[in-house]
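Written below as structure tokens is the structure these notes are about.
Read-outs throughout are calculated quantities, based only on the coordinates presented, and are distinct from any laboratory measurement. Note that the coordinates shown come from a computational prediction; the quantities given were computed from them, not determined experimentally. So basically every Cβ, Gly included, is an ideal-geometry build from the backbone, and we count neighbours across all protein chains shown.
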Amino acid sequence: MATGKPSEIVEPKGKLGVLLVGLGAVSTTFIAGVEAIKKGIADPVGSLTQMGTIRLGKRTENRVPLIKDFVPLAKLEDLVFGAWDIFEDSAYEAAMHAGVLEKDLLLQLKGPLQKVKPMRAVFDQSYVKRLNGTNVKSGKNKLDLANQLIDEIAEWKRKNKASRVVMIWAASTEIFLEENPVHKTIESFEKAMRGNHKSIAPSMIYAYAALKSGIPFANGAPNLTVDIPAIRTLAEQNKLAICGKDFKTGQTLMKTIIAPGLKSRMLGLHGWYSTNILGNRDGEVLDDPESFRTKEESKLSVLEYILQPEVYPDLYKDFSHVVRINYYPPRGDNKEGWDNIDIFGWLGYPMQIKVNFLCRDSILAAPIVLDLALFLDLAQRAGMKGIQEWLSFYFKSPQTAPHLYPEHDIFIQLMKLKNTLRHLRGEDLITHLGLEYYD
Ligand SMILES: NC(=O)c1ccc[n+]([C@@H]2O[C@H](COP(=O)([O-])OP(=O)(O)OC[C@H]3O[C@@H](n4cnc5c(N)ncnc54)[C@H](O)[C@@H]3O)[C@@H](O)[C@H]2O)c1
């Protein structure tokens, strides 16, 4: 039985524009997937918005609707895609190049994929050393580039008859940047854009343009982008949702599944060694030490937060955590990850777990892009603004308010996501407390 008051959610009328920064492996696998699902030749496996259910009320009530029937989400038929990339390839050519999906499948989707042609990118090679492309905007400074994006977004929205738009960063990982005083306020940020300050990365220019255009933004890479105060303030001021960062796929997904389990049984950890080989363009970019550092920071924080060594020093103090990524072209997008986990149990007796994950990165990332697009649009229509912590479920480094620590445990993240949906609909939150044990 519902006890709360449902939030006012505007119905999803008309088309939802999904603007993707970067038209590489993840973006094309996402777009091709949606087109294949629309044609009825594939199922949306891995997507919580499409396949997930949500329990409502007591277990005896047997109310378990699909999430997409419980909250008003945009329909796949109403999605329209746009993108920016430094290469001119359409989504069809880029998908062929990425080599994630089979050629036979792509041939069946050639029509809609060919229609997605990338707009000229805001790009500067000093932020992604291993890439060099020609489909790039020029402007007199970074603010001018942002204004070009703003005009282009308005034009794109009009041409594509989109009633709403969301933007998702699925472009390359930039070099490691730290917060700088110019990131502090909107004024200092704009001044720095005018002066071409090196602390303003291309990803921040896109985020600024999105938020100036009234569009929510999700950050799928480990870049600093929307973490800085100026962008957070802009999101709050313009009442727009933001979230990030770094899609949680592959090895980190496994880590946030296994580590909460070990901790729940009070099993100790001496060390966790993770290594990966991958051969796609992402792997090539991450072969540059400066881009790798951004990724490494994002991957390393996960275990510390889940295991809480300060609360459980006997189990988790000083465990060793090493992450390696090696670019190995023959593997393409089919990455292989090995984990060696040195754990200990009763009386300190050591044990080992070995995980060999033959993973397909973009196959795991594509449904995340879909869910984020639909949930960001929902958040916007429900009047939610600023950092969307309930979307932590999808990220390696979940964005939180500055005074809070991020929640990495995937099971807590899922509970938080579903309780947010229940709250939006005025349903009781589920705590899993079995009151039947009491008189
Ligand atoms: N695949 C995954 O599972 C996964 C998981 C987490 C994060 N990510 C991140 O998602 C991003 C995309 O991954 P991918 O495998 O699709 O990589 P990719 O290299 O195939 O695609 C990225 C695309 O972005 C383009 N690009 C780079 N800078 C740009 C800019 N400033 N503007 C417009 N386009 C730009 C590149 O030309 C490239 O086509 C990467 O940052 C990656 O680290 C991917």
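For the listed residue pairs Lys184/Lys245; Lys142/Lys255; Lys39/Lys129, the alpha carbons are over 28 angstrom apart in Lys142/Lys255; Lys39/Lys129. Close amide H contacts of Met119 (hydrogens built in the peptide plane, cut-off under 5 Å, sequence separation of 5 or more or a different chain): Ala83, Trp84, Asp85.
With kT/(6 pi eta Rh) evaluated at 10 °C and eta = 1.306 mPa s, and Rh the Kirkwood radius from Cα pairs, the stretch 99-227 diffuses with a coefficient of 98 µm²/s according to Stokes-Einstein. Distances between every pair of Cα atoms in the chain, grouped in 20 Å steps from 0 to the bin holding the largest one, split as 25, 58, 17, 0 percent. Once C-alpha pairs closer than 8 Å and six or more residues apart are averaged by separation and normalised to the residue number of the chain, the relative contact order reads 21 percent.
For Lys15, the residues 5 or more places off, or on other chains, whose built amide H falls under 5 Å of its own are Ser163, Arg164.
Mind sorting Trp156, Trp169 by how few other Cβ atoms lie within 10 Å of their own Cβ, fewest first? Display every interim value, and only then the final one.
Working: Trp156 17, Trp169 26.
Sorted ascending by nearby Cβ count, the order is Trp156, Trp169.
Note on the stretch 3-28 and the stretch 58-109: Cα centroid distance 12 Å, given to the nearest whole angstrom.
Are there DSSP H segments in the chain that both extend 27 Å or more along their axis (alpha-carbon positions) and score a mean Kyte-Doolittle hydropathy of at least -1.0? List them, or say none. Present the calculation step by step, with values, prior to reporting the outcome.
Details: long enough: 289-307 (28 Å, -0.49); 361-381 (30 Å, 1.20).
Both cut-offs are met by 289-307, 361-381.
The Cα center of the stretch 293-365 and the Cα center of the stretch 203-254 differ in position by 26 Å.
Can you put Asp333, Asp89, Asp428 in order of Cβ neighbours within 10 angstrom, beginning with the fewest? Provide the component values of the computation, followed by the final result.
Details: Asp333 24, Asp89 19, Asp428 15.
Ascending number of Cβ neighbours within 10 Å: Asp428, Asp89, Asp333.
Show that you can apply the helix-only estimate: for the chain, add -39,500 (n - 2.57) for every DSSP H stretch of four or more residues, divide by all residues, and state [θ] at 222 nm to the nearest 500.
Working: 16 runs with 169 residues, N = 439.
Result for the chain: -11500 deg cm²/dmol, rounded to the nearest 500.
Were the residues from Asp287 through Gln237 laid out at 0.36 nm apart, the gain over their Cα-Cα distance would be 14.2 nm. Semi-axes of the equivalent ellipsoid for the stretch 251-358, computed as √(5λ) from the eigenvalues of its C-alpha gyration tensor and ordered from largest down, come to 28, 15, 10 Å. Among the GluC sites (Glu not before Pro) in the stretch 275-383, those placed in a DSSP loop whose Cβ has at most 16 other Cβ atoms within 10 Å are Glu310.
Of all beta bridges that DSSP places with both ends in the stretch 251-358, some 70 percent have antiparallel geometry.
Counting neighbouring beta carbons within 10 Å and listing from fewest to most, the residues Lys198, Lys335, Lys212, Lys354 come out as Lys354, Lys198, Lys212, Lys335.
Which of the listed residues, Leu424, Tyr327, Ser264, is farthest toward the dipole's positive end in the chain, when Lys, Arg count +1 and Asp, Glu count -1 at the beta-carbon? Final value for the positive-end residue is Leu424.
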